[in-house]
Amino acid sequence: MKGIQKLQNKWGVGPGQFWLIILTFALGGSLSGRLCSKILNLVFLDKNWAFWLIYPLILTILWPFSVIFVSFFTGQFAFFKGYLGRVGGRLFGLGGEGEVGVTAAADAVSGSISTANLTPAPIHVAIFASGAGSNARKIIEYFEGGGLAAARIKVSLIVCNVPGAGVLEIAKEKGIPTLMIKKDEFTATGYVESLHNAEIQFIVLAGFLWKVPEVLVRAYPKGIINIHPALLPKYGGKGMYGSRVHEAVIAAGEKESGITIHWVNEHYDEGGIIYQAKCEVTLSDTPATLANKIHALEHAHFAPTIERLLS
């Protein structure tokens, strides 16, 4: 079971999607094996040494096409597109991040031709926030700092559900467009069209208190992350945010707490874990002092984790 949980965390999927992925692997492998045998039977009358020499090569060629074909029917096309991109990147020496690695290699070639005229297009990020926006500010300023991160990652939109929230002032100060959202429409449409119109490619939840609707999760598969002020899977779920989390941690007598950066799915705080950082909980800690420790971890680790995911 630990191995299964480890794979779920690595892939950033829940239990349901995990078993659909395994089913896709199995059906894709079976399909490629059958196709390979049929093709070679047309060429070889007997299964001689040449048959078995060529079989693995043809099977390797057919397998990714078979898996992609099956993934359409299991609803896992987005996952396998990224997965096969990563596998291809490793096989051909294009880096360990799959399609991003391929893109990076292409950018390197472009740069060697003309660094003056060819600049990689930035990845447009939207930050969803409901409150003061301290995490949003740290993320924005991190990617304003210059260097490769600033060139490749841009906070292009602030999405807020609370009129007058502090994060709106930060957006105004930084000259970042804002989108105010309403609960009914958010639940129904996820504002997907507005996000696409703003060319948003990645979503960061930074103190956003509404549950993300399924329509938005489906529109951005492996494209939405959240930060939770505790070490999931403990102290997560509906209603567990802010001081409520710290109060629960202290009441339980925990010796440590921390932050969890995780993928977002259709359920509160159940997406695959990306990164965790810990801090000590002492006998003298109050919800307020523990909150300060957690804020320090959030500010130190959230933006760099985003950069690692997107770079």
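The values are calculated or read from the model by the stated rules, or taken from the named source; none is laboratory data. Everything quoted here is computed from the prediction, not taken from an experiment. Note that we place each Cβ from the backbone using ideal geometry, even for glycine, and neighbour counts take in every protein chain shown.
Checking each residue of region 195-202 against the condition of being of a type in the set (Asp, Glu) and over 22 Å from residue 262 (Cβ atoms) gives at least one match. The set of residues in region 243-259 being assigned to a strand (DSSP E or B) and either touching a residue at least 40 places away in the same chain (Cβ under 8 Å) or more than 10 Å from residue 231 (Cβ to Cβ) (or both) consists of 259 alone. Yes or no: residue 170 more than 13 Å from residue 210 (Cβ to Cβ), of a type in the set (A, V, I, L, M, F, W, C), part of a helix (DSSP H, G or I) and modelled with pLDDT of 95 or more? Yes: the conditions hold for residue 170.
Look through 258, 239 and report the one residue that is on the phi > 0 side of the Ramachandran plot and surrounded by 16 or more Cβ atoms within 10 Å (Cβ to Cβ).
From the options 258, 239, the qualifying one is 258.
Against the test of being at pLDDT 60 or above and either surrounded by 14 or more Cβ atoms within 10 Å (Cβ to Cβ) or among the basic types (Lys, Arg) (or both), the options 102, 125 yield a single qualifying residue, 125. The set of residues in region 197-222 that are in contact (Cβ under 8 Å) with a residue 12 or more places away in the chain and surrounded by fewer than 17 Cβ atoms within 10 Å (Cβ to Cβ) comprises 198, 199, 209, 210, 211, 214, 215.
Has region 221-240 got any residue that is in contact with a Cys (Cβ under 8 Å, 6 or more places away or on another chain) and farther than 30 Å from residue 76 by Cβ? The answer is no, given that none of the residues of region 221-240 is in contact with a Cys (Cβ under 8 Å, 6 or more places away or on another chain) and farther than 30 Å from residue 76 by Cβ. Count of region 260-279 residues, restricted to those that are polar (S, T, N, Q) and assigned to a loop (DSSP other than H, G, I, E, B), is 1.
Checked against (1) under 14 Å from residue 125 (Cα atoms); (2) surrounded by 14 or more Cβ atoms within 10 Å (Cβ to Cβ), residue 161 meets all criteria but (1).
Consider region 36-67 and keep the residues that are crowded, with 17+ Cβ neighbours inside 10 Å and in contact (Cβ under 8 Å) with a residue 24 or more places away in the chain. The one that is nearest to residue 16 (Cα to Cα) is 67.
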